[in-house]
Amino acid sequence: MKKILVIEDNPMVIKSLEFKLTKDGNDVMIAHDGREAMKLLKDNAFDLILTDLMLPFVTGNELISYIKKNTPKTPIIVLSTSTQENIIMDAFNMGVDDFITKPFSPNELSLRVRRLLSKN
Amino acid sequence: MKNLQISPKEYATVILVESNLLERENFIQISLEEKWNVVICEDGLDVIQWLNNNSSADLLVIEENSMPISGYQIADYIKTELGLALPVIITTGKIPIVQERRVLAYAEGILKKPFVAASTILQIRETLKKSIELAPEKNDYYSLNYLKDLSGGDEEFIMELLKVFSASINSELKNLNEGLSQKDYLRIREIAHGIKPSFDMIENEKAKGICLLLDSIAEEKDIPKLIEELNLEFANINKQLINDFPELNLI
């Protein structure tokens with residue numbers, strides 16, 4: 001069972017991701033903001049991280065830098081409502097592995113998660 | 001086409017296609033007891049025309065060998081081409097029903113003829129009840145399509161998400177209004193950005209569009225009006241949800 005960290009503050013999106021990823025056979029942990037995410041990252045090893053960019057306390061970009069510094073091999077998928085090219089490009093330039101817009105397509109999410117998990 | 005207004009509008013509207021005049025009369029007599037609003041259509045084409053010209057019906061009862069298009073074909077057309085979640089009951093005089101599985105691939109129920117009051121009422125009540133539970137009437141405020149797709153039709157999960165929607169948006173709108181009273185436009189932008197996916201998930205384009213404006217290009221002078229519109233739209237969504245799902249006890 002793969003361990004996935006979801007960092008998201010919208011309760012509906014959290015529930016949906018938890019439902020879908022668990023149904024796909026993953027072990028899912030939730031962080032509602034950047035600070036909570038950092039705590040979980042210190043105490044746990046994850047196979048994949050799904051994160052929003054606009055988060056309370058610590059921004060998504062700060063969080064991505066932190067993850068890249070501390071667990072560089074952990075793949076990251078950014079989940080964002082933004083479709084602006086510069087935001088997407090910035091995320092990829094920071095080293096994220098994939099970018100999904102919200103609300104996500106359930107099948108697309110499963111495929112992209114599976115693809116990254118199988119690579120690692 | 002003959003529209004028999006035999007009951008007040010709030011009762012179920014049942015479209016009947018029955019070529020046998022005695023059976024037709026029999027059905028109307030049974031429906032009087034249940035206060036269904038029965039619409040008589042001569043054939044499947046008549047049904048499609050009626051559906052195109054009228055507000056939605058609650059049930060279609062159509063004979064298996066309806067001419068020129070069979071009951072199965074009409075049921076399929078209504079669902080796939082017209083995109084309506086109208087439950088269909090196929091009626092047949094063939095006893096025993098040897099192709100029950102085939103019928104149920106297209107329709108929600110089978111009714112044997114001649115119509116007998118007890119079994120007809122039972123079958124129609126059950127079908128109407130299921131249809132109300134699974135597919136609330138199409139409305140202007142929300143759709144469950146995305147949530148159904150996401151959950152694979154898991155009704156319990158959909159209900160849970162609707163509760164989360166109502167509670168979380170209610171709370172965030174309070175924060176948004178507070179942000180407005182403090183003229184904290186950064187906070188307003190962040191809240192609008194955060195709640196936008198929730199409206200997207202229930203497919204309310206109006207609220208999603210307002211959030212997008214608040215999040216990106218709205219000028220300060222336009223923000224109070226946009227927030228007022230968002231409050232109103234959410235109130236309408238919530239009212240519709242309370243009406244459609246009283247069991248959720250939404251506030």
Open item on the list: Threshold 10 Å², probe 1.4 Å: give the residues of the range A:11-39, in number order, that are less accessible with all protein chains present than with their chain alone.
Closed with: A:11, A:12, A:13, A:15, A:16, A:19, A:20, A:23
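Let's see if you can work this out: charge +1 on each Lys and Arg Cβ, -1 on each Asp and Glu Cβ, no other charges. What is the dipole magnitude of the range A:3-119 about its Cα centre, in debye to the nearest 20? Can you show the working numbers first?
Details: 15 positive and 16 negative charges, 74 e Å.
Charge dipole, the range A:3-119, about its Cα centre: 360 debye, nearest 20.
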Task: Whole-Hz ³J(HN,Hα) from phi, Karplus 6.51 cos²θ - 1.76 cosθ + 1.60, for the range B:242-249, glycine and proline x - done: 4, 5, 7, 10, x, 5, 7, 6
Task: Mean Cα-pair separation over length for chain B, i.e. relative contact order, pairs under 8 Å, 6 or more apart, % - done: 12
Task: Whole-Å semi-axes of the range B:113-201's equivalent ellipsoid (Cα gyration tensor) - done: 42, 13, 10
Task: With eigenvalues of the C-alpha gyration tensor scaled by 5 and rooted, chain B, Å - done: 46, 17, 16
TODO: Measure nothing but the geometry: give the 0 to 90° angle between the long axis through the Cα atoms of B:185-201 and the longest principal axis through the Cα atoms of chain B, rounded to 10°.
DONE: 10
TODO: Determine the percent antiparallel among the DSSP beta bridges restricted to the protein assembly as shown, to the nearest 5.
DONE: 10
Open item on the list: If I fit a long axis through the Cα atoms of helix B:205-215 and take the longest principal axis of the Cα atoms of chain B, what angle between them do I get, 0 to 90°, rounded to 10?
Closed with: 10
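Given only helices, namely DSSP H runs of n ≥ 4 each adding -39500 (n - 2.57), what is the per-residue ellipticity at 222 nm of chain B, to the nearest 500 deg cm²/dmol?
On the way: 10 runs with 143 residues, N = 251.
It lands at -18500 deg cm²/dmol.
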- [ ] For the range A:3-119, report the accessible area per residue in Å² (1.4 Å probe, heavy atoms, rounded to an integer).
- [x] 46
Task: Neighbourhood charge, 13 Å Cβ-Cβ cut-off, centred on residue A:94 and excluding it, Lys, Arg +1 and Asp, Glu -1 - done: -2
Open item on the list: With +1 assigned to the C-beta of every Lys and Arg and -1 to the C-beta of every Asp and Glu, and no other charges, what is the dipole magnitude of the protein assembly as shown about the Cα centre in debye, to the nearest 20?
Closed with: 920
Open item on the list: Tell me the carbon and sulfur percent of the accessible area for the protein assembly as shown, rounded to whole percent, probe radius 1.4 Å.
Closed with: 51
Open item on the list: Which of the three applies to the range B:181-237, rounded, prolate or oblate, going by the alpha-carbon gyration tensor with a ≥ b ≥ c and a/c under 1.5 meaning rounded?
Closed with: prolate
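Using unit Cβ charges (K, R positive; D, E negative) and no other charged atoms, how large, in debye to the nearest 20, is the dipole of the range B:112-241 about its Cα centre? If you can, show how the numbers build up before the last one.
Values: 18 positive and 23 negative charges, 131 e Å.
For this selection, approximately 620 debye.
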Open item on the list: Show log10 I(q)/I(0) for the protein assembly as shown at q = 0.06, 0.09 Å⁻¹, two decimals, from a solvent-free Debye sum over equal Cα scatterers.
Closed with: -0.33, -0.67
Task: Global geometry of the range A:40-86, whether rounded, prolate or oblate, following the gyration tensor of its Cα atoms and the 1.5 cut on a/c - done: prolate
- [ ] Please tell me the relative contact order of the range B:24-84 in percent, rounded to the nearest whole number, where contacts are Cα pairs under 8 Å and at least six residues apart.
- [x] 27
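So what is Rg over Rh here for the range A:3-119, counting just Cα atoms and using Kirkwood for Rh?
Working: Rg = 12.7 Å, Rh = 13.9 Å.
In the range A:3-119, Rg relative to Rh is 0.91.
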Open item on the list: Could you report the buried accessible area between B and A, both sides summed, computed with a 1.4 Å probe and given in Å² to the nearest 100?
Closed with: 1800
TODO: State, as an integer percentage, the relative contact order of chain A based on alpha-carbon contacts under 8 Å between residues 6 or more apart.
DONE: 24
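The values are calculated or read from the model by the stated rules, or taken from the named source; none is laboratory data. Bear in mind the structure is a predicted one, so any value in this text is a computation, not a measurement. Here Cβ is always computed from backbone atoms with ideal geometry, including for glycine, and neighbour counts include all displayed protein chains. Remember, those area values only see protein heavy atoms, side chains included, never the ligands or the DNA or RNA. Shrake-Rupley method; radii C 1.70, N 1.55, O 1.52, S 1.80 Å.
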